[in-house]
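Okay, so here's the structure we're looking at.
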Amino acid sequence: MHPNNNYYTHYPNQQHTTTPTTNTPNNTPTQPPTPIPFDQTQEITIQNYGYTYIINKICQQTQLQTCLTTAFGNQQAQNIITTAAYMIQQGATIDGIEDWQQKNHLPNQTKPLTTQTTSKLFTTQTETQRNKFFTQWIKINLNKTNICYDVTSVSSYAKEMPSVERGYNRDGENLAQYNLGMFCDETTKTPLYYNRYNGSLTDKTNLLNVIKNAKAVGIDDSKLVIDGGFWSKKCFEGLDDFCSAFTIGMPLS
């Protein structure tokens, strides 16, 4: 074992010896490679790589990045992916996103996000952009098989969001809420489309409006599976026009 220049940088009192030559099978002497001097002024950054590599790979393989870029443009699409990756790993609190970016390798994030730019990212998205994304996403992922639809409520302390209202709170919390209806492919479990609406509306009251919006982005002529909360004559009539067949749970009363 022969020390390189880096060794003598840390141990300057050691004698710098010449590395001997070696002979090849043909007895031709060869010189060892010249050591590369170590630049002590060079800044070394160590970042986590695995998690963000997987995120970027999934976005490419599922064509999620393509759909986002088509709808929002290249820079905003990457901002959405970075923000989503952060929230999946760290939770919904955005105030740590700047430190998180410094610790993780994000090769496509040319301009780091701040808490301010992330907040702006949410507020500047338009309904037209979101529907353009869903239209592209559904074209790729809709397999004309069974589609499941269900609704959940999200409790909120927000005072300025028009959709946050008092209603049936599924978590039993004494808070206002908004409702989130989600369409998923039953086979692949892939989310296809979501529709957010006012927290005071019941599932069956708003179903026809949700169906209308789903049709506009490309979900139609499919088999729909829903629960008994949508049991009503009006819902049946709307479902009959919307899909080729549907399965619905029957209420106990």
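The values are calculated or read from the model by the stated rules, or taken from the named source; none is laboratory data. All values reported here derive from a predicted model rather than from experimental measurement. Reconstructed Cβ throughout: ideal geometry from the backbone, glycine too, with neighbour counts over all protein chains shown.
Would you confirm whether or not the stretch 215-224 contains a residue that is more than 19 Å from ILE248 (Cα to Cα), in the same structural domain as SER153 (by TED's automatic domain parsing) and exposed (fewer than 15 other Cβ atoms within 10 Å of the Cβ)?
yes
Which is under 19 Å from the mean Cα position of the chain (by Cα) and more than 24 Å from THR52 (Cβ to Cβ), of ARG166, ARG130?
Result of the check over ARG166, ARG130: ARG130.
Taking ILE44, is it touching a Leu at 6+ places or on another chain (Cβ under 7 Å) and either over 30 Å from THR128 (Cβ atoms) or modelled with pLDDT of 95 or more (or both)?
No.
Any residue at all in the stretch 42-58 that's without any contact (Cβ under 8 Å) to a residue 24 or more places away in the chain, in a helix (DSSP H, G or I) and within 17 Å of LEU113 (Cβ to Cβ)?
no
Is it the case that some residue within the stretch 147-170 is modelled with pLDDT under 90, touching a Lys or Arg at 6+ places or on another chain (Cβ under 9 Å) and either assigned by TED's automatic domain parsing to the domain that holds ILE81 or among the charged types (D, E, K, R) (or both)?
Checking the stretch 147-170: not a single residue is modelled with pLDDT under 90, touching a Lys or Arg at 6+ places or on another chain (Cβ under 9 Å) and either assigned by TED's automatic domain parsing to the domain that holds ILE81 or among the charged types (D, E, K, R) (or both).
Of everything in the stretch 76-103, what is within 15 Å of the chain's Cα centre (by Cα), surrounded by fewer than 17 Cβ atoms within 10 Å (Cβ to Cβ) and closer than 23 Å to THR45 by Cβ? Give them in sequence order.
GLN89, GLN90
Filter the stretch 131-172 down to residues that are assigned to a strand (DSSP E or B) and among the hydrophobic types (A, V, I, L, M, F, W, C) and give me whichever is farthest from LEU192 (Cα to Cα).
Taking the candidates together, the pick is VAL154.
Which members of the stretch 68-92 meet the condition of being outside any helix (DSSP H, G or I) and under 28 Å from SER156 (Cα atoms)?
Once the filter is applied, which keeps residues that are outside any helix (DSSP H, G or I) and under 28 Å from SER156 (Cα atoms), the stretch 68-92 yields GLY91, ALA92.
Name the residues in the stretch 125-163 that are in contact with a Phe, Trp or Tyr (Cβ under 8 Å, 6 or more places away or on another chain) and either of a type in the set (Asp, Glu) or free of Cβ contacts under 8 Å to residues at least 60 places away in the same chain (or both), would you?
Result: GLN125, GLN129, SER153, VAL154, SER156, MET161, SER163.
Is it the case that some residue within the stretch 153-163 is under 21 Å from the mean Cα position of the chain (by Cα) and more than 28 Å from GLN60 (Cα to Cα)?
Yes, the conditions are met somewhere in the stretch 153-163.
For the stretch 104-137, what are the residues that are touching a strand residue (DSSP E or B) at 6+ places or on another chain (Cβ under 6 Å) and in the same structural domain as ALA71 (by TED's automatic domain parsing)?
If the condition is that a residue be touching a strand residue (DSSP E or B) at 6+ places or on another chain (Cβ under 6 Å) and in the same structural domain as ALA71 (by TED's automatic domain parsing), then ASN104 is the only one that fits.
Which residue out of ASN206, ASN179 is touching a Ser or Thr at 6+ places or on another chain (Cβ under 9 Å) and among the polar types (S, T, N, Q)?
ASN179
Of the residues LEU64, LEU121, LEU106, LEU68, only one is under 30 Å from LYS212 (Cβ atoms), surrounded by 15 or more Cβ atoms within 10 Å (Cβ to Cβ) and at pLDDT below 95; which?
The conditions single out LEU121.
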